[in-house]
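Engineer: The following block contains the structure, expressed as C-alpha cells.
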Amino acid sequence: MLLFDNRAELRGKPAAHALIFGISSYRYLTSSEMQSFGIYYNSSGAITGYRIYQWLIDNQRRLAIPLATCRLLLSPSAREIEAQPELKGLTVPCTLDDFLLSTNEWRTDAQTNRDNLTLFYFAGNGFELGKSNPVMMLQDFGSGVGPMLRSSVAVNNLFYGMGPTSRQPDIARTQLYFIDTDRAIPKKEFSSFELMNTTAVFDAEPLGIDDRNAAVFYASTAGGVAYALEGSATLFSMALLRCLDGKAAVPGEVGPEGSVRWYVSTTSLVGGLMDTLNELNREAGAHQTFEVGGQVRNSIIRYLDEPPPVDVLIEIHPVEALPVSHVEVRNEEGTIVLKPAVPLDPHPYRVELPGGYYTLSVKIDPPHPSFADAHTRVRLATPPRAVWKVRVIS
Amino acid sequence: MTEPIINHRAARRGKPGLHALIVGVSRYPHLPDEEENSDSANLKMRQLSSSAVAAYKVYQWLVKWQNHLEVPLTTCRLLLSPSPVELKNEPTLKGLASPATLDNFREFVKAWREDARSSNRNMTLFYFAGHGVQRVRGDHVILLEDFDENEDPILQHAVDTTALIDGMAPIEGKPDIARTQLYFLDACRITPALFATYEQTPTAPLWDSKKKSPGEEFTAVLFYATGPGREAYGIKGEQTLFSKALIACLDGGAGYEDDNQLDDQGRPQWFVTTNSINNALEYYIRRVNQEINTLQTQMFRTSGLGPAVVLHRLNGPPEVDITLRIVPSAALDFARVEVLNDSGVPIWDLSIPLCPHPYFARLAAGHYQVGAKIDPAKPQYKDYKVRRMYVSPPEKKWIIKVDG
C-alpha cells in the first residue's frame with residue numbers, strides 16, 4: 001500500500017523510496033509448525049513495521065535523501081491491534097502476490113535515478129535455508145499448495161534483483177536492507193528433502209559492475225534468534241530507531257562557520273547498534289546480536305538538528321581518591337556545565353550531556369601525598385556512551 | 001610440508017591464538033607475460049607483478065605487530081608465487097615460502113583449519129592476493145599458480161571463497177573453531193565474457209560442505225579489494241593498492257580511541273578494529289590512487305560486519321592527514337593561522353601567506369585549538385575564533401572561513 005507519495009515534488013531529483021513489511025498474522029502456520037522450523041510465534045512484526053514507517057514520516061526532511069515514497073504492508077495479529085488500534089486501518093494482505101507486486105513497484109521507483117536511496121524493512125518470521133541463505137516468510141507461507149517453501153523469499157534474490165544491470169542502469173546506488181527475523185536453521189523439518197525452493201522475486205540478469213553501497217542489516221546472526229517485547233516492537237527495531245535518533249550519531253567535519261553537523265551513517269550505525277542492542281538485551285533478558293552483509297560502504301542516512309544527548313560516565317581511579325577529587329566539566333565556550341559534589345555519588349558518576357567537546361579537570365583538594373591533579377584534557381562526548389576515566393595517582 | 005613459517009603453538013598452548021594463512025600469486029606460468037601483446041588468451045588475463053609482495057608485506061606487518069595483537073599470533077602460513085620483477089625488487093622472497101599451487105593451498109588450508117579448531121576463542125586471518133573472477137552473483141573465485149585457461153574444467157586450479165569460508169564454520173560434531181574470522185580478498189571480481197558460454201564452471205573442491213552446527217554463532221568479516229564486476233589493481237613490482245591501503249589502516253590510519261581503556265599514564269589507548277578499518281579503507285585507497293597518479297577507481301566492499309572486533313592496540317595516537325584551507329583564498333595574505341595542542345602550546349609556525357594552499361600536514365590524533373587572525377585588519381575579513389578540533393583517523397579537513 002503506497003501510503004506516502006511525494007514523487008511529484010521530487011521529480012528529477014534524488015529521492016528515497018521505502019518498502020516496509022510487518023507480518024505477525026500467518027494464515028496457515030500453527031505454533032507447532034512454527035516450532036518445527038525452529039521459529040517462535042511472532043507477536044510484534046506489524047507493530048515494528050508501523051513504528052519504522054512512523055519514524056520515516058516524522059524524519060522525512062532530515063534524511064540525507066528526501067523521502068519520495070513509502071509503501072507499507074502490515075498484517076497484524078489481534079493482540080497487536082488491541083495494543084495499537086491504528087493498525088486496524090492499515091491492515092492489508094502480505095501474501096506472496098502482494099510481496100511481488102509491491103517489490104516490483106518499489107524497484108520501478110528505485111530505477112529513476114542512480115542517486116536515489118532505497119530502504120527495505122522486513123519484520124516477520126524467517127529462517128536460514130543454508131549457509132548464508134536467509135529467507136523471509138510471507139503471510140500465506142505453509143498453505144500446502146506447491147512446494148513447501150512457496151511464499152518464502154530469499155534475501156539474496158531480492159538483493160541481487162536490485163543490482164545495477166543493463167535493464168536498470170540508473171537504479172539507486174545506495175540501498176539499505178533491514179531483515180528483522182530469526183535465522184534459525186530448521187534442521188529437522190528439512191532433512192528429508194534434497195532440494196527446497198523459495199519463490200523468486202526477480203529474475204537473475206547478466207552480471208555487470210555492481211557499484212552499489214548496499215548494506216544488509218540482519219537482526220540476528222546465522223543460527224540466531226531475533227527477540228521482541230510482547231505486544232510491542234522487536235528489540236532490533238527499537239535499537240535501530242534509537243540509533244537513528246542519535247545513539248549512532250557522529251560529528252561531521254567542522255564547517256566553515258565552526259559548526260558541527262551530526263549525522264547517522266551506515267558505518268556509524270554498524271558501530272552504534274551493538275551497544276544499543278545490548279542495553280535492550282539487558283532489559284529484556286535476551287541475547288541477540290546483529291550482522292551486516294551486502295556491500296558495506298559509508299553513506300549518510302540522516303542528519304540531526306542538534307547534537308545528540310550522550311550518556312557520560314565519569315570514573316576516578318583509584319576510588320580511594322574520591323573524597324578529595326573535585327571534578328569540573330566545561331563546555332566549548334568555557335562555561336562550567338558540571339561540578340558535582342565531593343565525593344562523586346554514585347560512582348561512576350553518570351550525567352547526560354549534549355554531544356560535543358568538553359574539558360574535564362580533576363583537582364585534588366586538600367592535597368594528598370598519594371594523589372595528584374589530573375591533567376586537564378579535552379574530551380569528545382559521542383553517543384551512545386562516553387566513559388571518561390581519570391587517573392589521579394601521584 | 002604444511003608447517004607454519006611462524007609457530008608459537010608451544011608457548012601458546014591452551015590459550016587462544018591468531019592463526020594466519022597468507023597467499024600471494026603473481027606468477028601464473030600458464031598465462032602470458034604481463035607485457036606480452038597477445039590476444040590469444042580468452043580470459044584476457046596476464047601474469048601479475050605485485051601480489052606476492054603484497055602478501056609478503058601483510059606477513060611482515062603481522063610479524064612486526066604480533067605482540068600488539070588482541071589475540072596473539074600463534075601460527076602463520078605463507079604461500080608465495082613471486083614474479084621475476086618482484087624477486088628482483090624484494091630478493092627475500094626467493095625460497096621464503098612454498099609456491100601457491102592448488103595442491104599446496106589445499107594442504108595449507110586444511111592444516112590452518114586444524115589450528116583454528118584448537119579453540120573457539122581463536123581468531124583466523126586469511127589474505128589472498130592474485131587473480132580472481134566472479135562466475136555468478138555473490139561468488140568469488142581465486143586463481144592459484146597452476147591455473148590454466150586451456151584446461152577442462154577451466155577452474156580446476158581455482159577455489160571458491162564461499163566454500164572456503166563455509167568450511168571454516170562450526171559444524172555438527174566439531175563446534176570448536178575460531179569464532180572470529182577475518183578474510184581479505186585482494187583480487188579482481190570481474191566476470192569474463194567467456195563464462196557466458198558455460199553452464200557450469202566448477203572449482204577445485206577443498207572439502208566437503210558439512211552442516212553448520214545450529215545455534216553456534218561465528219563472525220566472518222570479509223574485506224573485498226573491489227566491488228562485484230570490478231578490477232583490483234597493483235603497482236608493478238611493489239604491491240597492490242588494496243594491500244598498501246590496508247597496511248596504512250593497520251599501522252594506525254584506522255586508529256580508534258577508546259576513552260574507556262587507559263594506559264599507565266592515564267591516557268586513552270588506541271586500537272584498530274574491523275569497523276575502524278571499514279571506516280578508513282576508502283580514504284586510504286583514494287590516497288594511494290592519488291600517490292601513484294592513477295585514474296583507476298578501485299572501491300573496496302565489506303561484508304559480515306557486526307560488533308567491532310579488536311585486531312590490535314597501537315603504541316599511541318596515530319598520525320592523521322590534515323588539510324587546512326582558508327576561505328576565501330583572497331584572504332591568504334592576511335590570515336595568520338594558529339594551531340595549538342591540547343595544552344595550549346603552538347605547534348605550527350605558519351607564515352603568511354599560507355603556502356602551499358591548501359596546507360597539508362600530519363598531526364598526532366588528539367585535540368587541538370585552531371584559529372586565525374587577520375593581520376593587518378581588513379574590513380572585508382574577520383578573525384576566525386579559536387575553536388577546538390578533534391583530530392582522528394583517517395583524515396581531517398579544517399576550513400577556516402574569514403570572510404566578513
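The values are calculated or read from the model by the stated rules, or taken from the named source; none is laboratory data. Not measured: the values here are computed from a predicted model. For neighbour counting, all protein chains shown are included, and Cβ atoms are generated from backbone atoms with ideal geometry for every residue, glycine included. Ligands, DNA and RNA are stripped out before the accessible areas are found, and what is left, the full protein with its side chains, is counted by its heavy atoms. Shrake-Rupley method; radii C 1.70, N 1.55, O 1.52, S 1.80 Å.
Engineer: Among B:Glu217, B:Glu199, which is the only one that is away from chain A (no Cβ under 12 Å) and without any contact (Cβ under 8 Å) to a residue 40 or more places away in the chain? Lay out the reasoning, then the answer.
Structural biologist: Numbers: B:Glu217 fails: away from chain A (no Cβ under 12 Å).
Exactly one of B:Glu217, B:Glu199 is away from chain A (no Cβ under 12 Å) and without any contact (Cβ under 8 Å) to a residue 40 or more places away in the chain, namely B:Glu199.
Engineer: Can you tell which of B:Ile285, B:Ile292, B:Ile352 is open to solvent by less than 20 Å² (accessible area, probe 1.4 Å) and more than 10 Å from every other protein chain (Cβ to nearest Cβ)?
Structural biologist: Exactly one of B:Ile285, B:Ile292, B:Ile352 is open to solvent by less than 20 Å² (accessible area, probe 1.4 Å) and more than 10 Å from every other protein chain (Cβ to nearest Cβ), namely B:Ile285.
Engineer: Looking only at residues in segment A:307-342 that are touching a helix residue (DSSP H, G or I) at 6+ places or on another chain (Cβ under 9 Å) and not hydrophobic (A, V, I, L, M, F, W, C), which one is nearest to A:Gly252 (Cα to Cα)?
Structural biologist: That would be A:Pro307.
Engineer: Quick one: would you say B:Tyr384 is at pLDDT 90 or above, in contact with a strand residue (DSSP E or B) (Cβ under 6 Å, 6 or more places away or on another chain) and farther than 20 Å from A:Glu333 by Cα?
Structural biologist: no
Engineer: How many residues does segment B:226-242 contain that are touching an Asp or Glu at 6+ places or on another chain (Cβ under 7 Å), closer than 20 Å to A:Gln295 by Cβ and of a type outside the set (S, T, N, Q)? Before you say what the answer is, go through the steps one by one.
Structural biologist: Our first condition is that a residue be touching an Asp or Glu at 6+ places or on another chain (Cβ under 7 Å); within segment B:226-242, this holds for B:227-229, B:232, B:237, B:240, B:242.
This time we only want the ones that are closer than 20 Å to A:Gln295 by Cβ, so: B:227-229, B:232, B:240, B:242.
Subset that is of a type outside the set (S, T, N, Q): B:227-229, B:232, B:242.
Count: 5.
Condition check ((1) open to solvent by 10 Å² or more (accessible area, probe 1.4 Å); (2) assigned by TED's automatic domain parsing to the domain that holds B:Leu93; (3) at pLDDT below 95; (4) not in a helix (DSSP H, G or I)) across all residues:
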| position | (1), (2), (3), (4) |
| --- | --- |
| B:Pro214 | yes, yes, yes, yes |
| B:Ala232 | yes, yes, yes, yes |
| B:Lys236 | yes, yes, yes, yes |
| B:Ser243 | no, yes, no, no |
| B:Gln261 | yes, yes, yes, yes |
| B:Asp264 | yes, yes, yes, yes |
| B:Val272 | no, yes, no, yes |
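Engineer: Right, something else. What about B:Arg135, is it part of a loop (DSSP other than H, G, I, E, B), basic (Lys, Arg), in contact with a Ser or Thr (Cβ under 7 Å, 6 or more places away or on another chain) and surrounded by fewer than 21 Cβ atoms within 10 Å (Cβ to Cβ)?
Structural biologist: Yes: the conditions hold for B:Arg135.
Engineer: With respect to B:Ile399, is the statement that it is in a strand (DSSP E or B), under 20 Å from A:Gly252 (Cα atoms) and either open to solvent by 40 Å² or more (accessible area, probe 1.4 Å) or in contact with a Gly (Cβ under 6 Å, 6 or more places away or on another chain) (or both) true?
Structural biologist: Spelling it out, B:Ile399 is indeed in a strand (DSSP E or B), under 20 Å from A:Gly252 (Cα atoms) and either open to solvent by 40 Å² or more (accessible area, probe 1.4 Å) or in contact with a Gly (Cβ under 6 Å, 6 or more places away or on another chain) (or both).
Engineer: Further question: Which residue out of B:Asp375, B:Asp321 is of a type in the set (Asp, Glu), in contact (Cβ under 8 Å) with a residue 40 or more places away in the chain and under 30 Å from B:Ile235 (Cα atoms)?
Structural biologist: B:Asp321
Engineer: Turning to a different aspect of this structure: Against the definition (within 24 Å of B:Glu107 (Cα to Cα), assigned by TED's automatic domain parsing to the domain that holds B:Phe147, out of contact with any helix residue (DSSP H, G or I) (no Cβ under 7 Å at 6 or more places or on another chain) and not aromatic (Phe, Trp, Tyr)), how does B:Arg46 come out, yes or no? Before you say what the answer is, go through the steps one by one.
Structural biologist: Details: within 24 Å of B:Glu107 (Cα to Cα): no; assigned by TED's automatic domain parsing to the domain that holds B:Phe147: yes; out of contact with any helix residue (DSSP H, G or I) (no Cβ under 7 Å at 6 or more places or on another chain): yes; not aromatic (Phe, Trp, Tyr): yes.
Considered against the rule, which asks whether it is within 24 Å of B:Glu107 (Cα to Cα), assigned by TED's automatic domain parsing to the domain that holds B:Phe147, out of contact with any helix residue (DSSP H, G or I) (no Cβ under 7 Å at 6 or more places or on another chain) and not aromatic (Phe, Trp, Tyr), B:Arg46 comes out as no.
Engineer: Residue by residue through segment A:49-84, note down the ones that are charged (D, E, K, R) and either buried (at least 21 other Cβ atoms within 10 Å of the Cβ) or not in a helix (DSSP H, G or I) (or both).
Structural biologist: A:Arg51, A:Arg61, A:Arg62, A:Arg71, A:Glu80
Engineer: Give the residues of segment A:138-171 that are open to solvent by 10 Å² or more (accessible area, probe 1.4 Å) and of a type in the set (Val, Ile, Thr), sorted by residue number.
Structural biologist: Selection gives A:Val145, A:Thr165.
Engineer: Might you check whether a residue that is in contact with a strand residue (DSSP E or B) (Cβ under 8 Å, 6 or more places away or on another chain) and polar (S, T, N, Q) occurs anywhere in segment A:224-233?
Structural biologist: No, because not a single residue in segment A:224-233 is in contact with a strand residue (DSSP E or B) (Cβ under 8 Å, 6 or more places away or on another chain) and polar (S, T, N, Q).
Engineer: Can you name every residue in segment A:294-344 that is within 28 Å of the chain's Cα centre (by Cα), of a type in the set (Lys, Arg) and at pLDDT below 95?
Structural biologist: Hit for segment A:294-344 is A:Arg297, nothing else.
Engineer: If I ask for residues that are closer than 15 Å to A:Glu291 by Cβ and of a type outside the set (Gly, Ala, Ser), which ones from segment A:267-277 would you list?
Structural biologist: Answer for segment A:267-277, where residues must be closer than 15 Å to A:Glu291 by Cβ and of a type outside the set (Gly, Ala, Ser): A:Thr267, A:Leu269, A:Val270, A:Leu273, A:Met274, A:Leu277.
Engineer: Then there's this: Within the group B:Arg336, B:Arg325, which residue is within 30 Å of B:Lys378 (Cβ to Cβ), within 13 Å of another protein chain (Cβ to nearest Cβ), assigned to a strand (DSSP E or B) and open to solvent by 60 Å² or more (accessible area, probe 1.4 Å)?
Structural biologist: B:Arg325
Engineer: Within segment A:361-378, is even one residue open to solvent by less than 20 Å² (accessible area, probe 1.4 Å), touching a residue at least 60 places away in the same chain (Cβ under 8 Å), out of contact with any His (no Cβ under 6 Å at 6 or more places or on another chain) and of a type outside the set (D, E, K, R)?
Structural biologist: no
Engineer: Right, another one. Before we move on, is A:Lys389 more than 9 Å from chain B (Cβ to nearest Cβ), in a strand (DSSP E or B) and charged (D, E, K, R)?
Structural biologist: Against the criterion (more than 9 Å from chain B (Cβ to nearest Cβ), in a strand (DSSP E or B) and charged (D, E, K, R)), A:Lys389 does not qualify.
Engineer: Tell me, please, whether a residue that is in contact (Cβ under 8 Å) with a residue 40 or more places away in the chain, open to solvent by 40 Å² or more (accessible area, probe 1.4 Å) and within 18 Å of A:Arg107 (Cα to Cα) can be found in segment A:172-193.
Structural biologist: No, that holds for no residue.
Engineer: Mind listing whichever residues of segment B:361-396 are of a type in the set (A, V, I, L, M, F, W, C), within 28 Å of B:Tyr283 (Cβ to Cβ) and either surrounded by fewer than 12 Cβ atoms within 10 Å (Cβ to Cβ) or facing chain A (nearest Cβ under 9 Å) (or both)?
Structural biologist: Those that are of a type in the set (A, V, I, L, M, F, W, C), within 28 Å of B:Tyr283 (Cβ to Cβ) and either surrounded by fewer than 12 Cβ atoms within 10 Å (Cβ to Cβ) or facing chain A (nearest Cβ under 9 Å) (or both): B:Val370, B:Met389.
Engineer: If we only count helices (runs of 4 or more DSSP H) wholly inside segment B:1-103, which ones have 3 or more residues that are surrounded by 16 or more Cβ atoms within 10 Å (Cβ to Cβ)?
Structural biologist: Per the criteria, B:51-65, B:84-89.
Engineer: Here is a follow-up. Mind checking which residues of segment B:95-148 are of a type in the set (D, E, K, R) and within 14 Å of chain A (Cβ to nearest Cβ)?
Structural biologist: B:Arg135, B:Arg137, B:Asp139
Engineer: Something else: Can you name the number of the only condition in (1) within 13 Å of chain A (Cβ to nearest Cβ); (2) among the hydrophobic types (A, V, I, L, M, F, W, C); (3) in contact with a strand residue (DSSP E or B) (Cβ under 7 Å, 6 or more places away or on another chain) that B:Phe184 fails?
Structural biologist: All conditions are met except number (1).
Engineer: Can you work out which of the residues in segment A:319-349 that are touching a Phe, Trp or Tyr at 6+ places or on another chain (Cβ under 9 Å) and part of a strand (DSSP E or B) is farthest from A:Ala374 (Cα to Cα)?
Structural biologist: Per the criteria, the residue is A:Val337.
Engineer: Follow-up. I'd like to verify a number: residues in segment A:285-305 that are farther than 22 Å from B:Asn279 by Cβ, away from every other protein chain (no Cβ under 13 Å) and crowded, with 17+ Cβ neighbours inside 10 Å, how many?
Structural biologist: Let us first name the residues in segment A:285-305 that are farther than 22 Å from B:Asn279 by Cβ, namely A:285-288, A:305.
The next check asks that each one be away from every other protein chain (no Cβ under 13 Å); those that pass are A:285-286, A:305.
Restricting the remaining residues to those that are crowded, with 17+ Cβ neighbours inside 10 Å gives none.
Total meeting the criteria: 0.
To keep it simple, each residue is scored yes or no on (1) without any contact (Cβ under 8 Å) to a residue 24 or more places away in the chain; (2) within 13 Å of chain B (Cβ to nearest Cβ); (3) under 29 Å from A:Asp245 (Cβ atoms).
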site	(1), (2), (3)
A:Pro307	no, no, yes
A:Leu313	no, yes, yes
A:Val324	no, no, no
A:Asn331	no, yes, yes
A:Ile336	yes, no, yes
